[in-house]
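Peer 1: Before we start, here is the structure in question, set down as structure tokens.
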Amino acid sequence: MTFPTTLAGDIELRVSTEQVPYRAALEEMTARNAAIAAGEARELIWLLEHPPVYTAGTSAAVAELLDPRFEVVEAGRGGRYTYHGPGQRIAYVLLDLRKRARDARGFVHGLEGWVIDTLRDFGVESFRSEGRIGIWTQDIDGREAKIGAIGVRIRKWVTMHGFAVNIRPDLAHFTGIVPCGIEEFGVTSLARLGHDIDFARWDAALLAHADSFLAALDRPCPPEKPA
């Protein structure tokens, strides 16, 4: 399947067909973030897949690294430990919020909505959960489980990192960490839920919602509900 190389607003779309080592992606993403902030590069949405790796966010606690069987990389994003690996679709979203609502919470809310809308296309109802970052759904055992992780960093109002959705990863690889510091809930995937979907189908559905995601960033995030 062939995708356009440019999205609305002259945003570059890159779809990597080979696995990209995490450190290489982080280095390129960091450089591109700085170039966008300096007005020297276009914004970028990058869809890719990593070899197995555990990444540590700025709030990662060593006790939550249970079995470092894969390389561990400090990511510089918010959040705690996360696993990335084959069968998981990563979207790195590098956008200049100076052109939009300058709303960090709204950006995260928009990412969550983008994934939720895409999962619905495959018959998977997912949701946000107050106090738990990420995308959640009902697993095959009836319990809530995470199907998508969110982790972002914003430098000079330019975003980097993004989200990861479990299409068909080896879920046993998540047992080496406490994913995102949340012990009481598990992780799931589209494959575990009975959906045989390849990256091409996922990417096509995701990109069909890209315009709506981008339009949402022009509006401040809805106010939080009072406690």
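The values are calculated or read from the model by the stated rules, or taken from the named source; none is laboratory data. Just so it is clear, the structure is predicted and the values come from calculations on it, not from any experiment. Please note: Cβ atoms are built from the backbone with ideal geometry, for glycine as well, and neighbour counts cover all protein chains shown. Calculation scope for accessible area: heavy atoms of the full protein, side chains included, ligands and nucleic acids excluded. Shrake-Rupley method; radii C 1.70, N 1.55, O 1.52, S 1.80 Å.
Peer 1: Against the condition surrounded by fewer than 20 Cβ atoms within 10 Å (Cβ to Cβ) and either touching a Gly at 6+ places or on another chain (Cβ under 9 Å) or not small (Gly, Ala, Ser) (or both), how does Leu97 come out, does it pass?
Peer 2: So Leu97 fits the description; yes.
Peer 1: Sticking with this one: Restricting the search to the range 11-45, which residues are closer than 29 Å to Ala172 by Cβ and in contact with a Ser or Thr (Cβ under 7 Å, 6 or more places away or on another chain)?
Peer 2: Tyr22 - this is the single residue of the range 11-45 that is closer than 29 Å to Ala172 by Cβ and in contact with a Ser or Thr (Cβ under 7 Å, 6 or more places away or on another chain).
Peer 1: For the range 110-134, give me each residue that is under 12 Å from the mean Cα position of the chain (by Cα) and open to solvent by 60 Å² or more (accessible area, probe 1.4 Å).
Peer 2: Ile133
Peer 1: Is it true that some residue in the range 49-60 is in contact with a Leu (Cβ under 7 Å, 6 or more places away or on another chain) and over 23 Å from Arg168 (Cα atoms)?
Peer 2: no
Peer 1: Also, quick follow-up: How many of the residues making up the range 127-149 are at positive phi and in a strand (DSSP E or B)?
Peer 2: 1
Peer 1: Being at pLDDT below 85 and either touching a Leu at 6+ places or on another chain (Cβ under 7 Å) or of a type in the set (A, V, I, L, M) (or both) is the filter; apply it to the range 62-94 and report the residue that is nearest to Asp10 (Cα to Cα).
Peer 2: Checked the range 62-94; the qualifying residue nearest to Asp10 (Cα to Cα) is Val62.
Peer 1: Are any residues in the range 86-126 under 17 Å from Trp136 (Cβ atoms), in contact with a Ser or Thr (Cβ under 7 Å, 6 or more places away or on another chain) and not in a helix (DSSP H, G or I), and if so, which ones?
Peer 2: Val124, Glu125, Ser126
Peer 1: Go through the range 145-180 and report how many residues are open to solvent by less than 30 Å² (accessible area, probe 1.4 Å), small (Gly, Ala, Ser) and closer than 21 Å to Ala63 by Cα.
Peer 2: Selection size over the range 145-180: 3.
Peer 1: Quick check on Gly142: is it surrounded by fewer than 21 Cβ atoms within 10 Å (Cβ to Cβ), closer than 13 Å to Phe185 by Cβ and not aliphatic (A, V, I, L, M)? So that I can check it myself, show each step before the final result.
Peer 2: On the way: surrounded by fewer than 21 Cβ atoms within 10 Å (Cβ to Cβ): yes; closer than 13 Å to Phe185 by Cβ: yes; not aliphatic (A, V, I, L, M): yes.
So Gly142 passes the test.
Peer 1: Could you tell me which numbered condition Gly106 fails, if it satisfies all but one of (1) open to solvent by 30 Å² or more (accessible area, probe 1.4 Å); (2) in contact with a Pro (Cβ under 6 Å, 6 or more places away or on another chain)?
Peer 2: (1)
Peer 1: On to the next question. If you take the residues of the range 150-198 that are outside any strand (DSSP E or B) and among the aromatic types (Phe, Trp, Tyr), which of them is modelled with the lowest pLDDT?
Peer 2: Of everything passing the filter in the range 150-198, Phe185 is modelled with the lowest pLDDT.
Peer 1: Counting residues that are surrounded by 14 or more Cβ atoms within 10 Å (Cβ to Cβ), among the hydroxyl-bearing types (Ser, Thr, Tyr) and in contact (Cβ under 8 Å) with a residue 60 or more places away in the chain, which strands (runs of 3 or more DSSP E) fully inside the range 10-85 reach at least 1?
Peer 2: In the range 10-85, 53-56, 81-84 are the strands (runs of 3 or more DSSP E) which contain 1 or more residues that are surrounded by 14 or more Cβ atoms within 10 Å (Cβ to Cβ), among the hydroxyl-bearing types (Ser, Thr, Tyr) and in contact (Cβ under 8 Å) with a residue 60 or more places away in the chain.
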